[in-house]
1. What distance in nm separates the simple spin-label points at residue 258 and residue 186, each placed 7 Å from Cα in the Cβ direction?
2. Would you mind working out the accessible area per residue for region 873-924, using a 1.4 Å probe, and quoting it in Å²?
3. Would you mind counting up the charge near residue 989? Only other residues with Cβ under 13 Å from its Cβ, with Lys and Arg at +1 and Asp and Glu at -1.
4. Calculate one ³J(HN,Hα) per residue across region 186-197 by plugging θ = phi - 60° into the Karplus curve 6.51 cos²θ - 1.76 cosθ + 1.60, and present them in order as whole Hz with x for glycine and proline.
5. Please give, to one decimal in nm, the separation of the simple spin-label points placed at residue 98 and residue 486, each 7 Å out from Cα toward the Cβ.
6. So what are the ³J(HN,Hα) numbers for region 132-149, from phi and the Karplus equation (6.51, -1.76, 1.60; θ = phi - 60°), rounded to whole Hz, Gly and Pro as x?
7. Starting from the Cα of residue 1324, step 7 Å toward the Cβ, then list every residue of region 1366-1391 with an amide N under 16 Å from that point.
8. Taking all protein chains in place and a 1.4 Å probe, what share, in percent, of the accessible surface of region 770-828 do carbon and sulfur account for?
Amino acid sequence: MLPWCGDSGLIDISNACVQSFWSAILPALLTITFVLVSVAPSIRIFLTRVRDGIKPPFQSYVVLGEDEMTETSLDTQEDATTDNIHSTPFMYQWRLALLAFIALLEVFAWTAFGIYHLVRDDGNSKIAIFSIVIGTTWLYNVLKPVFCPRPTAYIDMFILYTFHLIFGVIRIGASIYYLQATSVAILEWIGMSLNLVAIIAGLGIISTMPLKIPSDDLRKEIYDKRSPEDYASIFEWATYSWVYPLIKRGNTMEMKYEDVWDLTPAMHSGPIFDKFSSIERPNLLLRLIAANRSDLILDILLTVVTVSLSYAAPYFLRLVIHVTVDSFALLCILTSRILDLIENPTPERRSEAYVLALLAFVCAVLKGEADAQHLFFGRRASARVSAQLVNAIYDKALKRRDYSGVVKEKEAEPNKDVPKSNDPKPGADIGKVVNVMAIDASKVSAIVASAYLLYGGMLNIILNIQIYTHSLMGSAAFAGFAVIVVAWILHIYVTRLKIPLQKGLSTSRDRRMSILHELVNAVRFIKFFTWEDSWIMRVMDARDKEMDWLKRSRMNSIESATLWAAAPVLVSFFSFFAYVYQGNKLTPSIAFTASLDLRVQPLNVFPNFIMQIFEARVSLERVEAFLNEEEISDYASSPVALSPDPETYDGALAIQGGRFKWNKVGDKKANPPQERSGELNTQPVVQTEPAGPPVDAGEIALRDGNYFELRGISVRFPEGELSLVTGPTGCGKTALLLALLGEMTIVEGKLVRPKHTSGTEHLDSGAISYAAQTPWLQRGTVKQNILFGYPYDEQRYENVIESCALLPDLESWEEGDHTEVGDRGSNLSGGQKARVGLARAVYAQTQYVLLDDPFSAIDIKTSRFLYDQLICGPLLASRTVILVTHHVELVLPSVAYIVHMQDGRIATQGYVKDLQASGRLPPLQEDLPEEESPKPPRKRKQRAKKPVPDEVSGAVTLSTYKTYLQASSYWIWIAFALLIISSHVMTVVEKLWIREWGRAYGNVQMDTSMLHRPSKNASFDPNYQQNLVFLPDAGVHPLFFVKVYAIVGFFMALFNIASTTTLYFSGLRASRSLFHRLLEKVMHATLPWHDATPRGRILNRFSKDMDAIDISLSNNVSTISNALVNFLVAVITVIIFFPEFIVPALAIAFCYHFVAVRYLGINRQLRRMESTSRSPIFSGFGELLDGIVTIRAFQSESRFMKEFHVKVDIANKMYYNSWMTSRWLLFNYDVLGAFAVLATTLFALSGYVGAGTAGLSITSAMTFTFSVYLVCRFWASLELELNAVERVAEYLNVPQDFPTVIESNRPPAYWPSTSTTPFLSVEDISVRYAPGLPRVLSKVSFTLDAPARIGVVGRTGSGKSTLIISLLRFVDPELGRIVIDGIDIAKIGVRDLRSRITYIPEDAVLFSGSVRDNIDPFKEHEDVDCYDALRRVQLLGDDSQPRSSASGPSQAGADTSPGPLLTLDTEVAPGGANFSLGQRQLVAMARALLKQTPIVVLDEATSSVDFETDEKIQATLREQFNNSLLITVAHRLNNIIDYDRLIVLQDGKASYFFDTPLKLFYKEGGVFRDICRSSESYEELEATVAKVRDDLQAAST
């Protein structure tokens, strides 16, 4: 009760005194608060402290820098007071003057109004006083812009204006609503209207003032390159009109990355991750919540406002009716109230009805605003979570231990209940790690954006139960809620089964991606051996297991969908049954509101959402498991430069009493993430080995359970000298280098490494440059790979190019050092890759240089050049160089210190002179004649890089839809369309039955259904006043109507479930078909295509794109199909039963079309660019995982992290701007929906329809408006998912290899026969890789007989590999032909050709599985033959005991020692990472021995094997292949000097030499003689040739 207003209550807004009271008191309190804050320092300080206490949860995660904006806010007003109007830009002065003028008018008007009532003395003195108080509050709005002028918006004034607007609207609304009960003078009406106009004008001015002002530098970039988000006005934020310039741009041009606005600094990847990294919480979930708490809290609060606004109309209009959180709520209010008015019409209630419609419209707009804002904060949190997770994963990859050599445990079968086996485990392989970033991180971020469905839905259910139960149906509603409870219990049981299914699906997907990663990396090798079909079967086996899990998951989803499809029908059925059983009449106003299933509407989204929650939970666990993996020690990973410790730094690289072993999963002594300290990495690390066996069963376990170790390692490499590490194959040379790099687990002892700091002569005294045995190259230009992030020094760069013998290669390449390097350097020869990796290590200004066998892939002449110009040159002078090589005689003259490894131990070490003096080292050989000094490097002409073709652009083509429909079968889609149409037709039948049910009551049939006049709708609805003649009276036979309603609901649910099931299984069929076709096409694609296509892009097709096709696409198709059919059914229903609505519907549809076209135009491009911009993220991440050892050796983690931030920002700006356009769409559609509600209400109140038809039409119109939004909103998502189909379809048309089999021209089974003469004929062939490129081979001809041994010799890049791949027909000659045993190889299938040739490449690749699987993949030989082959290649000794085998990682090519037993069952990690490079070559050699084909090609097959082992292997080759044509490409001349013939290539163009080694050796000026003279074993070669000559002379005599 208000004492000033008689007996009126506080909320009796019909009383003018109560209106005036609230209009005065609330603005007055706010004004006093603002004044006190502005002028009272002590109060201001107190409020500031209070604000600081509650601000952190709401504070922006990342704020703008001081140099990027000028901000004026409530807490900085003391600075603003020093400004004056003259310091404000002129463009803003008129706004301030107009604000002051409007407020001054309000002061005069309200004061005059109050004085008028006081003078008049009409009993309204209280109103007069309140009016004067209102006028006084307006003084604040007059003085604020005068004394505190500024160009930015006044938040305090905006709040005051908003309250004045609210109370102004209440005054006018109450006057209209209570028109008959109150008397309002004309002057008062004019005054209230003018007051409202003035308030709206002032509010408009403030709303158009920007919140912040950009600096002059940034002002030019706003709306062009920079997002205006931070500088938008209140109005622009409320309507999201600040996004429209971007939308307009997207509809007028084909956008590129640079055309999209850059992210605001608050959304940049770097700052977001830096702050996320500083947050410490017990688990990842709490870290994410803490990092994004401001957005999450605002999302929650605004969601509560949204739900509350959904119920605001019933509160203000005194309507108590069930509503829901979605946009149907306000329309449902109207439905119930309007139907009630139509059923009980009175002329006096006409004005009430129209006021209700207006207020409902206002509430709908406000709800739309709150909805858009809470979704903005939710989506911003989602974008930040995505950035935080992918950056955390990338950062972890830079620090985690390398597990690439670990063999995983066997996969669990889907039909076994093994949930624990699918739990997240450490030691993720590359395939799983890529999945964690590509799929799991996106699932977690997506659930953040949808989190409002959980807490908003729960709040809505609580309000729903209260309102629905006590108002609409009373206690009968409890029957429906009992059904909901039962459904929830069943749903909980179903969803519990989802967790192990999701874990099993994720595990099977990881295994499938691991196999695919192995396949893509080794596709060349697979093609060499024609193993395409067997690998396709292997991948499809893994895919089938994944599809089994996916099928079970889909069945679980169908069970859940069945529950929630049946729940609405059962809820309405039991509620109606209980209601009519109690004797109540089910009138249209009750039936139509109840039939909207509003109790179930919030729950309808829960099944999919809860599934997503469980999927996100599994994904979060997988991400957290990866982030908790063991990390390498601080001294090996140093993203931040540290200063040296003077007490421990002695300038040496040393190991003291070291014992090292390969990283193993579950190694308890490893450094967990939280224990990594920031101590200097010069500190020695001492660790002890734990007792007990390894804890992970998936590790490499050899027969006796032993593991490779380096033991008893004590060595100190001299500073500024060249140190040499030697030893037989598998002795642990590479392992020693990796131990120095900190990549092995230290069990005991000390590793001493200097710190990363600037030393003398501009060298970094702590950094280490490293050239791995298997060179790791980034995708980029040759120049970028050499510089590797170091500053460009032209002179140094030129010297490095010259010293590393790269100058001839660069001059031969069309684009010079701007030549693009393919994945893993696939378009470079082995020697070129080695020299580029060597140049990178030399160019880096580091004190320590570790070189792992750089000469193995390089010819003798080039090796000599590298020794003279590089090893002995100025670039490595005064630097500590540790060189691993088998070419001891070549480098020994310059070696100062030597370490000889044997069986994982140092057998001999010391200075060379000391070892020679003690007799433990043979005396040095005489230096060979000096080579002619190379010419000084010439300045090369820089050529522009050719642009890389962009991804496909534009709208999704019809062919894409056709591809997907064909993959899933047209008949299935026809059945799906029929089922979904039937389902929605049954929905209309349900509404029609409810209408007839309401008419079947006798007392309802005869009632008039108009407000003022008889119905004029007879022509549209002839049965308007009649129920169907065969229906009984609903009051007498209510159960009859309940039964029919149940039957209709049953068929409606049945069709719904059937359509969902059909859609799911059509999706599975399409997924299976597209995956198999994609795999076939990629597997049989040409080698040039594989060389030119990034591996990450290929893997992205098999991972993220296939995941979208497997799961997301079906969900979007379901949503759009339902919405589209809903829309069509609603339009047809309205046209038939309510044709008057067509006129406003057309106008609204035009507006919808205008908004939709512009939204789709921009959103399609943004989503497409987002998808394509993520490919570099994943491909770059795959490169990082492959080259992590090299990256950490160069201490380039920070640079790679910065480059990754740039990639993430590009992808996120597409993602973020895409969702901002969606917010623009949502707000505009909500406003249009509110207009649709208003139009529907007005027409329903016009008297043209009855209660039943009005209910049917209104609900159909509601469906019409909301369905249009759903179609538009999800169509963009559907196009994004169809982009995945489009990208997959693009790969279905890649260039294919030659036919595997030509049935009409298959060679005979005995082909090729070595008895044919000539056996192999190369007839004038010329080869070029693509039109327009120079010829690699030009007019090469020779003939070969068999059996024979042929050597191919030439400088690196001379065309040796091209000749070999031409023989294997990976390229066809441009001119000429190759004939084998009388058959032109171009006339037969490549499988028939390659299966009869054994090819062993230089980079031998092993595959995951056992040793037996690698040497005898088709199980064609007995165990004794396999062991014999291993013995012949020196992997087993003559006594059948193992010679060597080891386990370890390796991007570096783990060179290891014997120790563990090697058997046919020994597990091999993907890529053979647990074998050294030399051991891989030996296993490949054993495979060749078993295959025994007429033609054997060895391409540097023993380049990484020590000379002693190589000699034994060569003897084996001579013995085993004495009946074959043996073609050997070799840099070790000792291996081919006694061959029958040599092919010496010179640049591969026109010059080549084909003759016996004897003639070529003695040919003066010949290329072969020059190569021999460059060899360190020249005397041995000369002796061998002399022996051959003597033997020939003896034979001739």
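1. 6.7
2. On the way: 2280 Å² over 52 residues.
Accessible area per residue, region 873-924: 44 Å².
3. On the way: positive: 991, 995; negative: 990, 996.
Value of the local net charge: 0.
4. Once rounded to whole Hz, the list reads 4, 5, 5, 4, 5, x, 5, 5, 5, 4, 5, 5.
5. It is 6.4 nm.
6. Going residue by residue, I get 5, 4, 4, x, 5, 4, 6, 4, 4, 6, 7, 7, 4, x, 7, 8, 10, x Hz, with x marking Gly and Pro.
7. So the set is 1373-1379.
8. Working: 950 of 1950 Å².
Solvent-exposed carbon and sulfur of region 770-828 make up 49 percent of the total.
The values are calculated or read from the model by the stated rules, or taken from the named source; none is laboratory data. These figures come from a predicted structure and were not determined experimentally. We place every Cβ from the backbone using ideal geometry, glycine too, and count neighbours over all the protein chains shown. Each accessible area value is taken on the protein alone, full model and side chains, heavy atoms only, with ligands, DNA and RNA left out. Shrake-Rupley method; radii C 1.70, N 1.55, O 1.52, S 1.80 Å.
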